[in-house]
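**Student:** Okay, here's the structure, questions in a sec.
Nothing in this text is a laboratory measurement; each read-out follows from the coordinates by a stated rule. As the structure is a prediction and not an experimental result, all values here were calculated from the model. A quick note on method: Cβ atoms are made from the backbone with ideal geometry, for glycine too, and the neighbour counts reach across all protein chains shown.
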Amino acid sequence: MRSFAAACTCLLATAAPFASAVVVDHDVWPRLLAQIEVGTAGFEPGVAAEWTINRSAHAWRIRPEIFLSDDEEFGTGVSVSFAIPWSAIPDHHELFIGPRIAWHGGDDYGFEASAQATYTLPIVRGTPNRHFIQGIAALGVIDDRDDDEIDLAATVGIAYGYQF
């Protein structure tokens, strides 16, 4: 229970400064996602929220998340990513890349620092960006608490999201 409280506190502390952007700029609404990630730290289902700031070629996104680790403990993470303007990406698809930090909260793994990429594509073309699928990939380092070492961390995942 203590790790759940710590994870929720970290998630709220990360998201709180960006909640004011939602109030100030009515074009900035959160996207909510249900996600499943698999990687070095194991199988981790969770939820995330995304705020995209300055929807243009120079857009950036904050993405706090909370997930259940392999040890049935709650973990949390946050990424700040930037839109990659690439002409090969179809309309209404998005590629964002940036740093991510996470606390896995389990017995085996602790903190992770990685580079994360998310690729988003719409489910319904008639209402792009309302319902979407997101592919997630991250590569970095993780604290292996069993061996007291830093290991290579790799994660892949998929998410379903809804844009308000």
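**Student:** For Glu65, what is the net charge nearby, where nearby means another residue's Cβ is under 10 Å from its Cβ and Lys, Arg count +1, Asp, Glu -1? Write down the numbers at each step before the final one.
**Tutor:** Details: positive: Arg63, Arg100; negative: Glu37, Glu44, Glu50.
Neighbour charge sum, excluding Glu65 itself: -1.
**Student:** I would also like to ask the following. When the chain is fully extended, how far beyond the present Cα-Cα distance does Asp71 get from Ile150, taking 0.36 nm per residue of separation? Please list the in-between numbers first.
**Tutor:** Numbers: separation 79, 0.36 × 79 = 28.44 nm, distance 1.90 nm.
That pair, Asp71 and Ile150, stretches by 26.5 nm at full extension.
**Student:** Got a sec? Which residues in the stretch 121-164 would a label at Asp107 touch, if it sits 7 Å along Cα→Cβ and we count backbone N under 12 Å?
**Tutor:** Flagged as within label range: 146.
**Student:** Give the average over all directions of the projected area of the C-alpha convex hull of the stretch 49-100, one decimal, in nm².
**Tutor:** On the way: hull surface 17.6 nm².
In nm², the orientation-averaged hull projection of the stretch 49-100 is 4.4.
**Student:** So what's the convex hull volume per residue for the Cα atoms of the stretch 74-155, in Å³?
**Tutor:** Values: hull volume 7.6 nm³, N = 82.
Per residue, the Cα convex hull of the stretch 74-155 comes to 93 Å³.
**Student:** Give me the net charge of Ala102's neighbourhood, meaning all other residues with Cβ under 10 Å from the Cβ of Ala102; Lys, Arg count +1, Asp, Glu -1.
**Tutor:** Numbers: positive: Arg100; negative: Glu37, Glu44, Glu65, Glu112.
Taking every other residue near Ala102 into account, the sum is -3.
**Student:** Only loop residues by DSSP count here, and only those with at most 10 other Cβ atoms within 10 Å; note down the chymotrypsin sites (Phe, Trp or Tyr not before Pro) in the stretch 58-89 that meet that.
**Tutor:** Sparse-neighbourhood loop chymotrypsin sites (Phe, Trp or Tyr not before Pro): Trp86.
**Student:** Residues with beta-carbon under 11 Å from that of Ala159, excluding Ala159: net charge, scoring Lys, Arg +1 and Asp, Glu -1? List each step's numbers first, then the result.
**Tutor:** Working: positive: Arg31, Arg63; negative: Glu37, Glu50, Glu65.
Overall, the nearby charge balance is -1.
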